[in-house]
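K.L.:
Take this structure first; my questions come after.
The values are calculated or read from the model by the stated rules, or taken from the named source; none is laboratory data. Computed from a predicted model, the values in this text were never measured in an experiment. Here the Cβ positions follow ideal geometry from the backbone for every residue, glycine too, while neighbour counts run over all protein chains shown.
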Amino acid sequence: MIRFIAALITICSISTVFCGNSFALSEEKFFSYKRFFLNQDIAGSFPDDGKVQKDLNKFAAAFMRGLSEGSANHPEKARKSFLQARRIWPEYFCTDFVIALTYEDENKYSIAAKYYKSYLNKLKAFYSGKYRMFGSLIVSFTAGKIDSYESSYALIKTHLGRFGIDIGKVKAPFTIPEFLMPFIGIFFLIVIYVINRSWLAPTIRNRRLIKNPPEGFWVCPKCITINPILSTECTHCGKKRK
Ligand SMILES: [Zn+2]
């Protein structure tokens with residue numbers, strides 16, 4: 001009886017080792033466009049009558065276009081599509097992962113690492129429930145299972161380690177949050193206005209004044225003082241008239 005139990009335990013542990021290995025995601029499979037696809041029933045199925053629906057349809061189209069471009073070995077085109085998808089729906093972390101893949105295709109590992117980090121950060125936020133409503137949308141949009149944070153971190157760490165990159169030290173790329181964009185636009189307009197008002201406009205005005213002084217006067221090019229035509233030097237700064 002004891003022998004039988006021992007044999008059973010042995011068989012069980014052997015099969016666990018084998019099954020465990022076959023279930024574990026290989027590096028090649030993990031770092032590939034092929035494991036990402038959107039749930040076709042959901043993506044693109046929203047009636048195009050609301051802003052959110054329109055955005056989700058646009059997102060899905062850009063993401064899937066990127067996948068096919070990436071698989072067809074056009075990393076630059078793919079990245080353009082993915083970045084578009086990312087702007088529409090920044091919380092969808094899989095986009096960060098596939099953007100990293102496009103950089104890897106071009107052997108740009110340090111930029112790829114930044115996007116892997118962004119992916120991991122968002123994945124962590126997702127599991128901690130920070131995305132709330134978006135969380136369930138992410139689940140329904142994603143065909144297949146969502147990566148576990150721990151195994152993703154381990155795989156990415158090993159993978160980047162081959163290129164001498166420590167994922168723990170990598171920072172996610174800086175992106176300006178969408179809601180700040182109008183403020184930044186306004187800020188630049190103000191800067192341009194101030195430069196124009198305080199420097200550009202007066203310079204043009206002064207040049208005009210020097211060229212076309214009022215009749216019977218000349219304008220000092222140094223201090224822009226208007227002098228009577230009879231004085232040979234500037235009454236303000238003493239510069240000689242040419
Ligand atoms: Zn002067």
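K.L.:
For the stretch 141-152, give me each residue that is more than 14 Å from Asp96 (Cβ to Cβ) and either exposed (fewer than 13 other Cβ atoms within 10 Å of the Cβ) or of a type in the set (Phe, Trp, Tyr) (or both).
P.N.:
Answer for the stretch 141-152, where residues must be more than 14 Å from Asp96 (Cβ to Cβ) and either exposed (fewer than 13 other Cβ atoms within 10 Å of the Cβ) or of a type in the set (Phe, Trp, Tyr) (or both): Phe141, Gly144, Lys145, Ser148, Glu150, Ser151.
K.L.:
Please list, ordered by first then second residue, the pairs with beta carbon atoms under 7 Å, 6 or more apart or interchain, first in the stretch 212-231 and under 14 Å from Pro202 (Cα atoms), second outside any loop (DSSP other than H, G, I, E, B) and within 13 Å of the ligand (Cβ to nearest atom).
P.N.:
Close Cβ pairs satisfying both conditions: Pro221/Ile210; Ile224/Asn206; Ile224/Leu209.
K.L.:
Now for a separate question. Quick one: is Pro202 more than 30 Å from Arg86 (Cα to Cα) and within 12 Å of the ligand (Cβ to nearest atom)?
P.N.:
No: the conditions fail for Pro202.
K.L.:
If only one of Arg65, Arg86 is part of a helix (DSSP H, G or I) and crowded, with 22+ Cβ neighbours inside 10 Å, which one is it?
P.N.:
The conditions single out Arg86.
K.L.:
Also, quick follow-up: With the requirement that a residue be over 27 Å from Asn196 (Cα atoms) and away from the ligand (no atom under 13 Å from the Cβ), what does the stretch 206-227 give you?
P.N.:
Glu215, Gly216
K.L.:
Criterion first (assigned to a loop (DSSP other than H, G, I, E, B) and more than 16 Å from the ligand (Cβ to nearest atom)) does Phe187 satisfy it?
P.N.:
No.
K.L.:
Would you confirm, using the coordinates I've provided, whether Thr235 is among the hydroxyl-bearing types (Ser, Thr, Tyr) and either within 16 Å of the ligand (Cβ to nearest atom) or more than 47 Å from the chain's Cα centre (by Cα) (or both)?
P.N.:
So Thr235 fits the description; yes.
K.L.:
Can you confirm whether Lys58 is touching an Asp or Glu at 6+ places or on another chain (Cβ under 9 Å), modelled with pLDDT under 95, surrounded by 13 or more Cβ atoms within 10 Å (Cβ to Cβ) and part of a helix (DSSP H, G or I)?
P.N.:
no
K.L.:
Can you confirm whether Lys157 is over 22 Å from the mean Cα position of the chain (by Cα) and under 30 Å from Phe63 (Cα atoms)?
P.N.:
Details: over 22 Å from the mean Cα position of the chain (by Cα): no; under 30 Å from Phe63 (Cα atoms): yes.
No, not satisfied.
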